[in-house]
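Below is one structure, written out as structure tokens; comments come after it.
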Amino acid sequence: MVATEYLTRDGDYWKKRGVPYVPRTSVFFMQRMLKTKGMAGFIKSACSNNMGRVYGAFFDGRGPTVIVTEPDLLRDILVKDFHIFSCRSVMEIGDPMADNALNNLTGEQWKRIRTIITPAFTSKRMRQMGSIINDCSKTVLEVCEKHSEEGKPVNCKT
């Protein structure tokens, strides 16, 4: 079997299941699009095509990938039904901070970190942090405006 046939033989995967989908494209086109737009840009462009709250997006190699855009459904998947979806794929980007973010962890590591941080996000604590978050946001805006007026870039990592 030719490599192209192998990579595209499941092109009707989502259609057979009645799921809206982004038509499969060549691997090279996908790489170029992900490099230029990034994953967020890819998802936004698909969302702007009114794909719906759940749609088939692309194939990770030969495996199908689904995108979920509905916040309530995402909460169910990532919190309530985590035991069903605990082995989801993660995207490492090479940044230690981002690679260890809660949404990139799986299994026992995710469970351990979630157990540690959950008490910090009660509604009472979030209300208490509201003014701190607002003050920090104002400071960030002031710094960005200052840099913008001077035409200088902002180093967001420090």
Counting only residues that are surrounded by 10 or more Cβ atoms within 10 Å (Cβ to Cβ) and modelled with pLDDT of 80 or more, which one in the range 81-98 is nearest to the chain's Cα centre (by Cα)? Ala98
Which of the residues that make up the range 55-64 are surrounded by 14 or more Cβ atoms within 10 Å (Cβ to Cβ) and modelled with pLDDT of 70 or more? Tyr55, Gly56, Ala57, Pro64
Please work out which one of (1) at pLDDT below 80; (2) open to solvent by 50 Å² or more (accessible area, probe 1.4 Å) is the condition Ile117 fails and give its number. (1)
Right, Glu108: surrounded by 10 or more Cβ atoms within 10 Å (Cβ to Cβ), free of Cβ contacts under 8 Å to residues at least 60 places away in the same chain, part of a helix (DSSP H, G or I) and on the phi < 0 side of the Ramachandran plot or not? no
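The values are calculated or read from the model by the stated rules, or taken from the named source; none is laboratory data. Computed from a predicted structure; not experimentally measured. Here Cβ is always computed from backbone atoms with ideal geometry, including for glycine, and neighbour counts include all displayed protein chains. These area figures cover heavy atoms from the full protein model, side chains too; ligands, DNA and RNA do not enter into them. Shrake-Rupley method; radii C 1.70, N 1.55, O 1.52, S 1.80 Å.
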